[in-house]
Amino acid sequence: MKIKYEDIESNYSRKVSHEHRKKYAQFFTPYPIAELMAAWLLKNEHLKTVLEPAFGLGVFSHALLAKKNDLVIKGFEIDELISSEASQHFDGLTKVQILLQDYMYNDWENKYDGIICNPPYFKFHDYDNRSMIAEMERKLSCKLNGFTNLYTLFLLKSLYQLQPDGRCAYLVPSEFMNSDYGKLVKSHLIKTKTLRHVIVFDFEKNIFDDAMTTACIILCAKDNYSDSVRFTNISSFEELWKVEKLIADYPKTSIPLKTYKMDELDSEAKWKKYYQDQNGKKFKSLVPFSKYAKVVRGIATGANDYFTFNLSKAKEFHIDEQYLLPCICKCTDIKGQVFNMDDFELLKALDKKVFLLNATQAIDPNVRCYLTKGESEGIDKKYLTASRNPWFALEKRPPAPIWVSVFNRKGLRFIRNYANVANLTTFHCVYPQNNLFSDISIDLLFAYLLTDTARMIFEDNAREYGNGLRKFEPNDLNKGMMIDLALLTSEQKTAMENYYTEYVKTNELRWVEKMNELLNDAFAC
Ligand SMILES: C[S@@+](CC[C@H](N)C(=O)[O-])C[C@H]1O[C@@H](n2cnc3c(N)ncnc32)[C@H](O)[C@@H]1O
């Protein structure tokens, strides 16, 4: 009796350690999703040859052969263990060939009617990215970003191997659509006019073990229907019928989807705006944040352990406080949203690292001695220090009146820096801009930044990392939008400032709520 695919997978997962699976990025495609992706390939009535570049246990081949048993399938797999397990279940099928080879370095000369894959997810430092990127650049005559994740390279190669009229289905993290390293793959999907559908999974629960939280299916075709690209959001397994329907109806569609002209898509932009309802649309009178503030990253030392000090380290090396720059080095040292001198003094007293060595005029013998120690440890030869003159000079960053946290799971966190101390890269610096035509105080700007309204609108411009982690680079914020505070009446401005004063005094969230209500009343569409 033929064994069910799900049983093959659970037998393998039982036998093989988690470490082994992690080493090869073996996260398996749920069978119903594999069936859908297979349906996309099978809709090509000339489908004969199929490539499965990251074979694993061959979920896609199982789904394809269940519907069409005369397909000629070639699979690539680098793990001998999984490959020998998989091949047992294709015994007797001479038309299924599993090669124990690295897909990226092989098979460039062959083209296929169908390519179907859930590629390995490896960050740039987890695979031999230099030689692989060099190989890709040679073959595709393009320039790749060194931070590229392996899965985007798989996709680029597969697009290259697609036969005219061929179809390709890839299951990938949706992260590439909103990150810098994904720009090339996005522009390739547009340039080759192969992209047809993007199906984004917004499942509450993770569908792929603990590998990633956001995933999408990319459906491509090398046919003549290259006018439009459709984005669909799926929030549960129950909604998979939508995908089934759009595949069955292709190239027509009977369900309303977010459809864009191929040449409307911008590879430089975050594609979130094509598939996610933008929070900004809920408000009127938005302007770029850069109208009122400039965001730059905090101080990068190039050797934090060496440059940061607490009082006991200063005592140990006899460094006088005049050679130490007050500086917040760790995000976790800041608890609330307002940071003042008393908070700073408390951190000092707790012996937290809240200073940076500031030795530009290094004539003091103790400072000299500490610099010599740094040189003997090679601190002066590090990537950042070696490019500075002198190597121990700090980057010039005046203390920013507002900080914003860089990584976050719960949304942006802005902090008002009344203590006037500097910050490392754990925060970005927010410098309010003098604006001749509008009179916005720093406190009013900060009061706004405390509100959910502000954070919600910024979220439209976040970039995603694996595991639900979101990050804002300084430019994501500069280019993010905000409500034009200049349009508040003077009464509304005063009210906002008063709520803010009460919030600082009491630390009660109801005052932030009041600010939120005021903004909603004035600006919600
Ligand atoms: C994410 S899993 C997907 C497995 C299967 N296709 C599925 O969807 O369930 C990726 C598979 O690719 C294999 N793999 C990793 N790097 C590879 C490479 N460079 N060439 C070929 N296979 C590779 C891994 O061993 C793993 O089995």
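Computed packing ranks the peptides 14-20, 113-119 as 113-119, 14-20, most packed first, by mean other Cβ atoms within 10 Å.
Taking amide H atoms as placed 1.01 Å from N in the peptide plane, the amide H of ILE328 lies under 5 Å from those of ALA422, ASN423, LEU424, each 5 or more residues away in sequence or on another chain. With the convex hull drawn over the C-alpha atoms of the range 1-77, the volume per residue is 94 Å³. For the range 5-276, dividing the convex hull volume of the Cα atoms by the residue count gives 123 Å³ per residue. In the range 228-285, which trypsin sites (Lys or Arg not before Pro) fall in coil by DSSP and have 16 or fewer other Cβ atoms within 10 Å? Within the range 228-285, the qualifying trypsin sites (Lys or Arg not before Pro) (loop, at most 16 other Cβ atoms within 10 Å) are LYS252, LYS284.
The C-alpha atoms of the chain define a longest principal axis, and helix 129-140 lies at about 60 degrees to it.
Computed from backbone phi with θ = phi - 60° and the Karplus coefficients 6.51, -1.76 and 1.60, the 3J(HN,Hα) list for the range 106-117 is 10, 6, 4, 7, 9, 10, 9, 6, x, 10, 9, 7 Hz; x is used for glycine and proline. For PHE427, the residues whose modelled amide H falls within less than 5 Å of its own, excluding neighbours fewer than 5 places apart on the same chain, are GLY298. Scanning residues 5 or more positions from ASN118 or on other chains, those with amide H under 5 Å from its amide H are ALA54, LEU171, with H placed 1.01 Å from N in the peptide plane.
The phi torsions of the range 266-283, fed into the Karplus equation with coefficients 6.51, -1.76 and 1.60 and a -60° offset, translate into couplings of 10, 5, 7, 8, 6, 6, 3, 5, 7, 10, 10, 5, 7, 4, x, 5, 7, 10 Hz, rounded to whole numbers, with Gly and Pro shown as x.
Cysteine residues of the chain whose C-beta has no other cysteine C-beta under 4.7 angstrom: CYS117, CYS142, CYS216, CYS327, CYS329, CYS331, CYS369, CYS429, CYS525.
The lysines whose alpha-carbon is closer than 28 Å to the alpha-carbon of LYS352, local same-chain residues fewer than 8 away aside, are LYS313, LYS315, LYS330, LYS335, LYS373, LYS381, LYS382, LYS396, LYS410, LYS471, LYS505. Across the range 44-59, coupling constants 3J(HN,Hα) worked out from phi with the 6.51/-1.76/1.60 Karplus curve, θ = phi - 60°, read 7, 5, 8, 4, 10, 9, 10, 10, 10, x, 10, 4, x, 9, x, 4 Hz, and Gly and Pro carry x. Taking 10 °C and 1.306 mPa s as conditions, the chain diffuses translationally at an estimated 60 µm²/s according to Stokes-Einstein applied to its Kirkwood radius (Cα pairs).
Basic side chains Lys and Arg get +1 at the Cβ, acidic Asp and Glu get -1 at the Cβ, and with that the dipole of the chain about its Cα centre reaches some 700 debye. Between TRP241 and MET341, full extension at 0.36 nm per residue minus the direct alpha carbon distance yields a gain of 30.1 nm. Note on LYS23: accessible area is roughly 130 Å² with a 1.4 Å probe, heavy atoms of protein only. Ranked by the mean number of other Cβ atoms within 10 Å of their residues, highest first, the peptides 160-173, 477-490 fall in the order 160-173, 477-490.
The values are calculated or read from the model by the stated rules, or taken from the named source; none is laboratory data. These numbers were taken from a predicted model, which means no experiment stands behind them. Please note: Cβ atoms are built from the backbone with ideal geometry, for glycine as well, and neighbour counts cover all protein chains shown. Surface areas here come from the heavy atoms of the whole protein model, side chains and all, with no ligands, DNA or RNA. Shrake-Rupley method; radii C 1.70, N 1.55, O 1.52, S 1.80 Å.
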